[in-house]
1. Residues G67, G98: which one is modelled with pLDDT of 90 or more and touching a Pro at 6+ places or on another chain (Cβ under 8 Å)?
2. Can you say whether V152 is in contact with a helix residue (DSSP H, G or I) (Cβ under 6 Å, 6 or more places away or on another chain), modelled with pLDDT under 80 and open to solvent by 30 Å² or more (accessible area, probe 1.4 Å), as far as the supplied structure shows?
3. Filter segment 31-49 down to the residues that are closer than 21 Å to G127 by Cβ and either outside any loop (DSSP other than H, G, I, E, B) or over 14 Å from the mean Cα position of the chain (by Cα) (or both) and list them by number.
4. Out of S28, S54, S15, S46, report the one residue that is without any contact (Cβ under 8 Å) to a residue 24 or more places away in the chain, small (G, A, S) and surrounded by fewer than 21 Cβ atoms within 10 Å (Cβ to Cβ).
5. Of all residues in segment 79-127, which are in contact (Cβ under 8 Å) with a residue 24 or more places away in the chain, among the small types (G, A, S) and farther than 17 Å from L41 by Cα?
6. Look at L141 and say whether it is within 14 Å of the ligand (Cβ to nearest atom), at pLDDT 75 or above, open to solvent by 70 Å² or more (accessible area, probe 1.4 Å) and farther than 17 Å from L25 by Cα.
7. Which of the residues that make up segment 57-96 are small (G, A, S), within 21 Å of P10 (Cα to Cα) and open to solvent by less than 30 Å² (accessible area, probe 1.4 Å)?
Amino acid sequence: MGSFWNLFVPDMYASAIEHVDLDRLERSGVEALLLDLDNTLIPWGSDRMAASMSRWLEGARGRFRIGMVSNALPDRVERWSRELEIPAISRAAKPRRGGYRELLGDMGIAPGRAAVIGDQLVTDVVGGNRMGMTTVLVVPLSKREFIGTRMVRFVERFILAFLVRKGLTRRLDGCGGEDDE
Ligand SMILES: [Mg+2]
């Protein structure tokens, strides 16, 4: 398995953020969660957060430092940053590393102590892996999304099927990688 494909392999894969194994992250030394916004915390195009998501966030906040890194425009990102009281980077151009670097720098957290949680392989997982962070892929909250994202999904489904076939990403709510215990 070449290192190129490893960029696409999430450390964990969950059906929703509420099902992410936070105990496991904590045990592995993760201190901060860098969350994606659209289709991870909030359905794309929506401006409401589900009650179950608010509860999850409150629980996670008690255990981890929380930040948000989004490719969305500042208006939307800043609104949620204020409302949820979490530091955020907008227009991050993930999978580029600049946004993650900036936020981790502000938070004073080393990449090896942070986990990314997001719904997209080519932005969240690739970006997080490039940074050397733990990466968690979640199933998108909504099938609705930006037209550009829908095209990328086609490629993502192909890659994900390939990774599952190779045994690198085994199952939902499970962990990827052959070195999994
Ligand atoms: Mg997203």
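The values are calculated or read from the model by the stated rules, or taken from the named source; none is laboratory data. Because the structure is predicted, anything quoted here is derived from the model rather than measured. Every residue, glycine as well, gets a Cβ built from its backbone with ideal geometry; the counts of neighbours run over all protein chains shown. What goes into the accessible areas is simple: the full protein's heavy atoms, side chains included, and nothing from ligands, DNA or RNA. Shrake-Rupley method; radii C 1.70, N 1.55, O 1.52, S 1.80 Å.
1. None of the others qualify; the one that does is G67.
2. Considered against the rule, which asks whether it is in contact with a helix residue (DSSP H, G or I) (Cβ under 6 Å, 6 or more places away or on another chain), modelled with pLDDT under 80 and open to solvent by 30 Å² or more (accessible area, probe 1.4 Å), V152 comes out as yes.
3. Of everything in segment 31-49, those that are closer than 21 Å to G127 by Cβ and either outside any loop (DSSP other than H, G, I, E, B) or over 14 Å from the mean Cα position of the chain (by Cα) (or both) turn out to be E31, A32, L33, L34, L35, D38, I42, W44.
4. S54
5. Passing the criteria: G99, G112, A114, G127.
6. yes
7. Across segment 57-96, the qualifying residues are A60, G67, S70, A92.
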